[in-house]
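Enquirer: Have a look at the structure that comes next, please.
The values are calculated or read from the model by the stated rules, or taken from the named source; none is laboratory data. Computed from a predicted model, the values in this text were never measured in an experiment. We place every Cβ from the backbone using ideal geometry, glycine too, and count neighbours over all the protein chains shown.
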Amino acid sequence: MTKMDDTNNRTLTLKRTFNAPIQLVWEAWTQPEHIANWWGPKGMKTKVIEHNFNVGGTWKYTMEMPDGNEFIAEGEYLEIIELAKICSSANFRPMTEGVEIQAIFEASGDKTNFTFNVVHPTAEYCQQQEKMGFMNGWGSVFDRLHEYMQEVAL
């Protein structure tokens, strides 16, 4: 098995097109005041605890569930290419740990094509995360981002 095949077997991907210019979508991903408005599935409140947006910088958000329990999301920025790509290690405790998230942005006129990859340590862990509801969970997050983009684009 080649390294590329191995990565493909360990990666879950979601794609969206946002009806907003790339600069606005980028700001939503990179500025704490925006992140708090959309990060996390519907029904969760997000608080940005730490956000050092530079390679080697760390981020930490808490997401309060309707029942009062908290999710902790945290990681370290591995790669940042302005208006193009953000890669980070990520832990989403207690559900997911030891993954890499990749947010890829591509301008398409006044819209933004967006690809979100989550690379897992093993193919088995990737399959487990998919069965646990990866597509619905992250799909809900990006639904919130889409709604937020509509609000701030006005």
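Enquirer: Is there any pair linking a residue in region 1-24 that is within 10 Å of residue 117 (Cα to Cα) and modelled with pLDDT of 95 or more to one that is acidic (Asp, Glu) and surrounded by 12 or more Cβ atoms within 10 Å (Cβ to Cβ), with Cβ under 7 Å and at least six apart or on different chains, and which?
Expert: Partner pairs satisfying both residue conditions: 12/130.
Enquirer: Give the number of residues within region 106-121 that are more than 24 Å from residue 75 (Cβ to Cβ) and either assigned to a strand (DSSP E or B) or hydrophobic (A, V, I, L, M, F, W, C) (or both).
Expert: Number of matching residues: 3.
Enquirer: Any residue in region 119-140 that's in contact (Cβ under 8 Å) with a residue 40 or more places away in the chain: show its pairings with residues that are acidic (Asp, Glu) and surrounded by 15 or more Cβ atoms within 10 Å (Cβ to Cβ) at Cβ separation under 7 Å, as long as the two are six or more apart or on different chains.
Expert: Hits for this filter: 119/100.
Enquirer: Which of the residues spanning region 112-132 are out of contact with any helix residue (DSSP H, G or I) (no Cβ under 6 Å at 6 or more places or on another chain) and surrounded by 16 or more Cβ atoms within 10 Å (Cβ to Cβ)? Give the derivation first.
Expert: Narrowing region 112-132 to residues out of contact with any helix residue (DSSP H, G or I) (no Cβ under 6 Å at 6 or more places or on another chain): 113-119, 121-122, 124-132.
Selection gives 114, 116, 117, 118, 119, 126, 129.
Enquirer: Let me ask you something else. Of the numbered conditions (1) modelled with pLDDT of 95 or more; (2) over 21 Å from residue 145 (Cα atoms); (3) assigned to a strand (DSSP E or B); (4) not aliphatic (A, V, I, L, M), residue 77 satisfies every one except a single condition; which is it?
Expert: Of (1) modelled with pLDDT of 95 or more; (2) over 21 Å from residue 145 (Cα atoms); (3) assigned to a strand (DSSP E or B); (4) not aliphatic (A, V, I, L, M), only one is false for residue 77: (2).
Enquirer: When you go through (1) among the hydrophobic types (A, V, I, L, M, F, W, C); (2) at pLDDT 95 or above; (3) assigned to a loop (DSSP other than H, G, I, E, B) one by one for residue 87, which number turns out not to apply?
Expert: (3)
Enquirer: I want to confirm something. Restricting to region 65-100 and keeping residues that are in contact with a Ser or Thr (Cβ under 9 Å, 6 or more places away or on another chain) and of a type in the set (A, V, I, L, M, F, W, C), which single residue is surrounded by the fewest Cβ atoms within 10 Å (Cβ to Cβ)?
Expert: Ranking the qualifying residues of region 65-100, first place goes to 72.
Enquirer: Consider residue 81 against the criteria (1) free of Cβ contacts under 8 Å to residues at least 12 places away in the same chain; (2) on the phi > 0 side of the Ramachandran plot: it satisfies all of them except one. Which criterion is unmet?
Expert: Of everything listed in (1) free of Cβ contacts under 8 Å to residues at least 12 places away in the same chain; (2) on the phi > 0 side of the Ramachandran plot, residue 81 misses just condition (2).
Enquirer: Would you tally the residues in region 65-78 being touching a Phe, Trp or Tyr at 6+ places or on another chain (Cβ under 8 Å) and either touching a residue at least 40 places away in the same chain (Cβ under 8 Å) or farther than 17 Å from residue 102 by Cβ (or both)?
Expert: Looking only at that region, the number is 3.
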